[in-house]
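The values are calculated or read from the model by the stated rules, or taken from the named source; none is laboratory data. Being a predicted model, the structure only gives us computed values, none of them experimental. Methodologically, a virtual Cβ is constructed for each residue, glycine included, from the backbone with ideal geometry; neighbour enumeration extends over all protein chains shown. Just the protein is used for accessible areas: all its heavy atoms, side chains included, with ligands, DNA and RNA removed. Shrake-Rupley method; radii C 1.70, N 1.55, O 1.52, S 1.80 Å.
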Amino acid sequence: MSVTAAKGFTAAGIAAGIKANGNPDLALVVNTGPRRAAAGVFTSNRVKAAPVLWSEQVVKGGAVTAVVLNSGGANACTGPQGFQDTHATAEKAAELLGHSAGEIAVASTGLIGLPLPMDKLLPGIEQAVGALSEHGGEKAAIAIKTTDTVHKTAVAGGANWSVGGMAKGAGMLAPGLATMLVVLTTDADLDAATLDKALRDATRQTFDRVDSDGCMSTNDTVLLLASGASEVAPDYAEFADAVQSVCANLARQLIGDAEGASKDIRVEVVNAASEDDAVEVGRSIARNNLLKCAIHGEDPNWGRVLSAIGTTRAAFEPDRLNVAINGVWVCRNGAVGDDRDLVDMRYRQVTVTADLAAGDASAVIWTNDLTADYVHENSAYSS
């Protein structure tokens, strides 16, 4: 159920001492081939962590042999030394694995602005290389957690080939990816251009539509590696569906583990004039803190949904808007609809449906409620 579900991959997760609490904090994923094709998508934040800048260049080459991931430190906003540390990380892994540093991707997560303890990280890479296993995917997924309460893995595939993946993320979940590290692997025999198209299409509809708190990270990294070990070149549509399935599964797990959340909120925008309009409206609803507080209090306050819609540039007529909460149309034609007391909000998932009555496009954005626990988490955890 992780990055080693696909043939041609080994992985490890160890405690290198980067985290003061002694928990696992260093992961390594290695593509043993025969193919080493790769694609990547990174944060759109203009302030990018050193490992993002490094890995962007690595992925441009179309080949990735290994990914070194650490938790316990973001290596973001650390100046020239931070980039040197990323380079040293790649060089160390390359030396131990017998490959070029130009094919080693690096990803980091944790506090911003603090240098990494290289005296622990570099020996940790050697330890991780020694621990590599075809069954090491779960340990790798555990090692990349920060405020995550659970590790996140998923798998999909077709006849004699598969796509596996692991992710971390629990806060700073916003469009432009999230404070997420994701590694996807496949044993399908496909080139880098094919991987890139499948990954970008999947990311656009999954990770880019997770919006927990409107905050965008400096470290977002999503990588897709292909080993070709199955010797199967699946139909593109079938492969793309599998990649999307794994990404959607992982994205849903990210929202399910969002910091302090007690409700997972599925924002559906239907009958929009365009997909862009649907996404814009969905994001506005998902980021409305008043609505998120109302949902935490199990209050079906549809007025806050209309208020959020009204701040967008989307095409709609106010007197044609309809809103449903958990299937009850509490707002019809921009006014009071069915009895709001019919809305049952006791359960974890809440669905908010906004009908713009302006076309036939739609989109789904996932978010969560705003709780006192979220405030506590992010006041106690410096980032």
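The figures follow:
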item	result
Residue list for region 312-334, restricted to those being under 22 Å from residue 255 (Cα atoms) and open to solvent by less than 30 Å² (accessible area, probe 1.4 Å)	324, 325
Identity of the residue in region 266-299, open to solvent by less than 50 Å² (accessible area, probe 1.4 Å) and over 23 Å from the mean Cα position of the chain (by Cα), that ends up farthest from residue 323 (Cα to Cα)	274
Leading residue by the ranking (surrounded by the most Cβ atoms within 10 Å (Cβ to Cβ)) among those in region 237-252 that are in contact with an Asp or Glu (Cβ under 9 Å, 6 or more places away or on another chain) and modelled with pLDDT of 95 or more	243
From 340, 332, residue being without any contact (Cβ under 8 Å) to a residue 12 or more places away in the chain and basic (Lys, Arg)	332
Hits in region 335-352 (condition: of a type outside the set (Lys, Arg), open to solvent by 100 Å² or more (accessible area, probe 1.4 Å) and in a loop (DSSP other than H, G, I, E, B))	347
Residue within region 199-207 that is closer than 20 Å to residue 9 by Cα and touching a residue at least 40 places away in the same chain (Cβ under 8 Å) present	yes
Exclusive hit being out of contact with any Lys or Arg (no Cβ under 8 Å at 6 or more places or on another chain), part of a strand (DSSP E or B) and modelled with pLDDT of 95 or more, set 362, 307	362
